[in-house]
Amino acid sequence: MRFVLFLSFLMSVSGCHREKATIVESRWSLLQGTRAEQWQQAGIPDEGGLSIKEEELTLTPGQPMTGAKFTGWSEALPSTSYAITYEAMRVQGDDIFGMVTFPVGSHEAHATFVLGGWGGTVTGISSIDFADANENSTRGEQVFENGRWHRVRIEVRPEDLRAWVNDRPVVNVSIKGRKISLRPGFIDHCLPFGFATWNTTAKIRRVIIERL
């Protein structure tokens, strides 16, 4: 009888520990539910409009830049060993339409992945050792058709950054011992996480953050 009571006690204690276990979130969808309400205009001078409808961000042309900032980013979200995925469409124009600014290594350091820059074709990371995407080794070029969704994936790792566009590798660069920073200008208005355009109308959807 004593053994049965002791066993029941152990099972009850074990159950309490399970109930108190903290569930660590590993995936965040930033355009669904209440998180969709946590987007706002970045506050860039002479920026265009921002609207959110049916889980899509729409940015209209600024003079020349428009930004969208996610205000719900917190210390609970990762700054390294995580992936960003999203889809971007250039509706109108011929320049940047879905560049994203994000934390790298800490919540104090950030970089930008440029999509369709410098005339509409350049991809890359701004900035590494103070060189922007058009000047450093991450620079790439490809044609972006207007009216089409383009899939982007970025992986932020402790010693490197990687990126794919439409499943094609476009960035694989070591950041060990290197200075990661933002390009001078108004892109810092998008901190700590956000999107920006340059003289274009663009749509963004399916923005997912997940731990690696």
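The values are calculated or read from the model by the stated rules, or taken from the named source; none is laboratory data. As the structure is a prediction and not an experimental result, all values here were calculated from the model. Here the Cβ is made from the backbone with ideal geometry for all residues, glycine too, and neighbour counts use every protein chain on show.
Given the condition more than 26 Å from Pro184 (Cα to Cα), hydrophobic (A, V, I, L, M, F, W, C) and in contact with a helix residue (DSSP H, G or I) (Cβ under 9 Å, 6 or more places away or on another chain), answer yes or no: does some residue in the stretch 34-48 qualify?
no
Do we find that Val143 is buried (at least 21 other Cβ atoms within 10 Å of the Cβ) and farther than 19 Å from Ala42 by Cβ in this structure?
Details: buried (at least 21 other Cβ atoms within 10 Å of the Cβ): no; farther than 19 Å from Ala42 by Cβ: yes.
No.
What are the pairs with Cβ atoms under 6 angstrom where one residue, in the stretch 153-180, is closer than 20 Å to Asn134 by Cα and touching a residue at least 24 places away in the same chain (Cβ under 8 Å) and the other, located anywhere, is polar (S, T, N, Q) and part of a strand (DSSP E or B)? Sequence gap at least six, or different chains.
Final answer for the pair search is Arg153/Thr85; Val170/Thr123.
Quick one: in the stretch 189-212, of everything that is buried (at least 16 other Cβ atoms within 10 Å of the Cβ) and charged (D, E, K, R), which residue is farthest from the chain's Cα centre (by Cα)?
Checked the stretch 189-212; the qualifying residue farthest from the chain's Cα centre (by Cα) is Lys203.
For the stretch 169-180, give me the residue count where each residue is farther than 20 Å from Val152 by Cα and surrounded by fewer than 18 Cβ atoms within 10 Å (Cβ to Cβ).
4
Identify, from the list Ile84, Ile96, the residue that is under 21 Å from Ser127 (Cβ atoms), touching a residue at least 24 places away in the same chain (Cβ under 8 Å), assigned to a loop (DSSP other than H, G, I, E, B) and out of contact with any Leu (no Cβ under 6 Å at 6 or more places or on another chain). Step through it out loud before you land on a result.
Details: Ile84 fails: assigned to a loop (DSSP other than H, G, I, E, B).
The match here is Ile96.
Gly120: in contact with an Asp or Glu (Cβ under 6 Å, 6 or more places away or on another chain), modelled with pLDDT of 95 or more and either crowded, with 21+ Cβ neighbours inside 10 Å or part of a loop (DSSP other than H, G, I, E, B) (or both), yes or no? Break it down stepwise before answering.
Numbers: in contact with an Asp or Glu (Cβ under 6 Å, 6 or more places away or on another chain): yes; modelled with pLDDT of 95 or more: yes; either crowded, with 21+ Cβ neighbours inside 10 Å or part of a loop (DSSP other than H, G, I, E, B) (or both): yes.
Yes, satisfied.
How many of the residues in the stretch 127-150 are at negative phi and not in a strand (DSSP E or B)?
Start the filter on the stretch 127-150 by keeping residues that are at negative phi, which leaves 127-128, 131-146, 148-150.
With the extra rule that they be not in a strand (DSSP E or B), the set shrinks to 127, 132-139, 142-146, 148.
Selection size over the stretch 127-150: 15.
Which of the residues spanning the stretch 39-57 are under 23 Å from Glu210 (Cα atoms) and surrounded by 14 or more Cβ atoms within 10 Å (Cβ to Cβ)?
Once the filter is applied, which keeps residues that are under 23 Å from Glu210 (Cα atoms) and surrounded by 14 or more Cβ atoms within 10 Å (Cβ to Cβ), the stretch 39-57 yields Trp39, Gln40, Ile52, Glu55, Glu56, Leu57.
Enumerate the pairs (first residue in the stretch 49-71 and farther than 17 Å from Glu37 by Cβ; second residue anywhere and in a loop (DSSP other than H, G, I, E, B) and aliphatic (A, V, I, L, M)) with beta-carbon separation below 9 Å, excluding pairs fewer than 6 apart on the same chain, so at least 6 apart or on different chains.
Gly62/Ile44; Met65/Ala42; Met65/Ile44; Met65/Ile96; Thr66/Ala42; Thr66/Ile44; Gly67/Ala42; Gly67/Ile44
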